[in-house]
Amino acid sequence: MNKLKAIIAINKLDYIGLDNKLPWKSSDDLKHFKKMTMGCKLLVGRTTFESMPKLSGREVIVVGKGYHTLEEALAKNPDWVIGGKRLYESTIEFCDELHVSEIQDKTIGDTLVPDLSKFNGKVWYYKFKTNE
């Protein structure tokens with residue numbers, strides 16, 4: 001299996017989502033996400049997949065009802081876990097790296113950061129401002 005990495009954006013209040021989208025706008029974070037994941041296989045949960053734009057230049061492997069089981073998806077050797085919350089919690093123990101974008105924003109969302117306590121690898125932190 002490839003070295004599996006997770007990438008997540010979290011704001012100052014520990015939110016990662018609002019109405020199945022990012023609660024903020026940060027073009028710098030989106031450019032960072034594109035740079036990190038371009039040409040890679042991305043593992044994503046069904047709800048997140050159905051609410052996100054098409055990610056050209058990347059293979060998207062979807063986990064959830066009507067798509068792949070987690071076992072089937074992991075057998076496809078993804079490079080990155082990109083969300084949502086339940087998928088992070090189900091896969092974090094298999095990840096070697098966690099890339100965290102700290103968004104300088106205080107928007108209240110409806111989805112808090114997942115439980116990442118089972119993660120035991122290298123963490124990379126990046127800080128990004130929102131578009132104002």
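Of all residues in the range 68-86, those that are surrounded by 15 or more Cβ atoms within 10 Å (Cβ to Cβ) and part of a loop (DSSP other than H, G, I, E, B) total 5.
Within the range 28-40, the residues that satisfy the criterion of being open to solvent by less than 50 Å² (accessible area, probe 1.4 Å) and under 23 Å from ASP110 (Cβ atoms) are ASP29, PHE33. If you go through the range 87-111 and keep only what is assigned to a strand (DSSP E or B) and out of contact with any helix residue (DSSP H, G or I) (no Cβ under 8 Å at 6 or more places or on another chain), you end up with GLU97, VAL100, GLU102, GLN104. Restricting attention to the range 17-40, the residues that are assigned to a loop (DSSP other than H, G, I, E, B) and not hydrophobic (A, V, I, L, M, F, W, C) add up to 6.
Could you tell me how many of the residues in the range 41-59 are buried (at least 16 other Cβ atoms within 10 Å of the Cβ) and not in a loop (DSSP other than H, G, I, E, B)?
Of all residues in the range 41-59, those buried (at least 16 other Cβ atoms within 10 Å of the Cβ) come to 41-49, 52, 55, 58.
Right, trim to not in a loop (DSSP other than H, G, I, E, B) and you get 41-49.
Number satisfying all stated conditions: 9.
Where residues in the range 87-117 are more than 20 Å from LEU55 (Cα to Cα) and in contact with a Pro (Cβ under 8 Å, 6 or more places away or on another chain), which of them is most open to solvent (accessible area, probe 1.4 Å)? If we take residues in the range 87-117 being more than 20 Å from LEU55 (Cα to Cα) and in contact with a Pro (Cβ under 8 Å, 6 or more places away or on another chain), then ILE108 is most open to solvent (accessible area, probe 1.4 Å).
Close Cβ contacts (under 9 Å, 6 or more residues apart or on different chains) running from residues in the range 83-109 that are more than 23 Å from SER26 (Cα to Cα) to residues that are among the aliphatic types (A, V, I, L, M) and part of a loop (DSSP other than H, G, I, E, B) comprise GLU89/LEU116; THR91/LEU4; ILE92/LEU116; PHE94/MET1; PHE94/LEU4; CYS95/LEU4; ASP96/LEU4.
The values are calculated or read from the model by the stated rules, or taken from the named source; none is laboratory data. Computed from a prediction, not measured in an experiment: that's the story for all the values here. Cβ atoms come from the backbone with ideal geometry, glycine included; neighbour counts cover every protein chain shown. To get the accessible areas, we keep the full protein, side chains included, count just its heavy atoms, and leave off ligands, DNA and RNA. Shrake-Rupley method; radii C 1.70, N 1.55, O 1.52, S 1.80 Å.
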